[in-house]
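In what follows, a structure is listed as structure tokens, so that the remarks can point back to it.
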Amino acid sequence: MEVIKYTFPPHGDERGQLVAIEARKDLPFEFKRVYYIYDTKDGVRRGFHAHLKLQQILICVSGSCKIHLDNGYETAEVVLDKPNEGLYIANNMWREMYDFSPDAVLLVLASELYTEDDYIRNYDDFLKMIKEQGEN
Ligand code: T46
């Protein structure tokens, strides 16, 4: 599976680093929502869903974590451990997040506002949908 990562150039100087991400310039979509996941307990695995429409960029701005991706045909395990690197997750992609370091902060830029209607939370339903799309 092709894993798409974006590297955002840090504006570093003697004071440290600063990363800027502009909606229309640096990403394949315009983000409408930002959220972040932190204080994740040891051994926790979360996600376990796909999205019908939502596209996202995941950036582990502190610490590290791993992302399991599944497009219905292939899977990938992606390590996120750089504050200036973003993982693109398209719609119709099953995701699970795991192996969070205690200091991990996973920042997400999302293309849509939050709605539960966009979630596919059953893996068998996800596979069925992917298969049906492949047949059309
Ligand atoms: C995703 C992965 C990477 C909201 O109220 N607003 C929001 O924008 C979000 C994202 C969540 N919530 C509420 C819904 C739940 O009561 O926060 C709670 C935890 O959300 P959830 O269980 O969906 O978290 P994850 O880690 O399973 O998934 C999240 C995103 O929901 C999802 O879109 O792709 O992170």
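The values are calculated or read from the model by the stated rules, or taken from the named source; none is laboratory data. Every value quoted in this text rests on a predicted model; they were computed, and no experiment measured them. Neighbour counts are summed over all protein chains in view; Cβ atoms, including those assigned to glycine, are modelled from backbone coordinates with ideal geometry. Ligands, DNA and RNA are excluded from the accessible area calculation, which covers all protein heavy atoms including side chains. Shrake-Rupley method; radii C 1.70, N 1.55, O 1.52, S 1.80 Å.
Lys41: which aspartates and glutamates have alpha carbons under 14 Å from its alpha carbon, excluding same-chain residues fewer than 8 sequence positions away?
Asp99, Asp103
Under 24 Å Cα-Cα from Lys128, which lysines qualify once same-chain neighbours fewer than 8 residues away are excluded?
The reachable lysines, counting only those whose Cα sits under 24 Å from Lys128, are Lys53.
Please state the relative contact order of the chain as a whole percent: Cα pairs under 8 Å, 6+ residues apart?
33 percent
Using only Cα atoms, tell me the angle between helix 123-135 and the longest principal axis of the chain; keep it within 0 to 90° and round to the nearest 10.
70 degrees
Leaving out same-chain residues fewer than 8 places away, which lysines sit with a Cα under 17 Å from that of Lys25?
List returned: Lys5.
By how many nm would the segment from Ser62 to Asp42 lengthen if fully extended, with 0.36 nm per residue of separation less the alpha-carbon distance?
Value of the extension gain: 5.6 nm.
State to the nearest 20 debye the size of the charge dipole of the chain about its Cα centre, where the only charges are +1 on K and R beta carbons and -1 on D and E beta carbons.
In debye, rounded to 20, the chain gives about 180.
Projected onto the charge dipole of the range 21-136 (+1 at Lys/Arg Cβ, -1 at Asp/Glu Cβ, origin at the Cα centre), which of Gly63, Asn92, Tyr114 gives the Cα projection farthest towards the positive end?
Result: Tyr114.
Asp81 versus His49, label points 7 Å from Cα toward the beta carbon: distance in nm?
So the label points at Asp81 and His49 sit 2.9 nm apart.
For the chain, what % of the accessible area comes from carbon and sulfur atoms, probe 1.4 Å?
Exposed carbon and sulfur together represent 50 percent of the surface.
About the Cα centre of the range 55-95, how large is the charge dipole given +1 on each Lys and Arg Cβ and -1 on each Asp and Glu Cβ? Please answer in debye to the nearest 20.
120 debye
Taking only protein heavy atoms and a 1.4 Å probe, what accessible area per residue, in Å², does the range 8-98 have with all protein chains in place?
Result: 56 Å² of accessible area for each residue.
So how far apart, in nm, are the two label points at Leu113 and Met129 if each is 7 Å from Cα heading toward Cβ?
So the label points at Leu113 and Met129 sit 2.1 nm apart.
Between Glu96 and Asn136, how high is the FRET efficiency from 1/(1 + (r/R0)^6) when r is the Cβ-Cβ distance and R₀ = 25 Å? Nearest 0.05.
Computed FRET efficiency for Glu96 and Asn136: 0.40.
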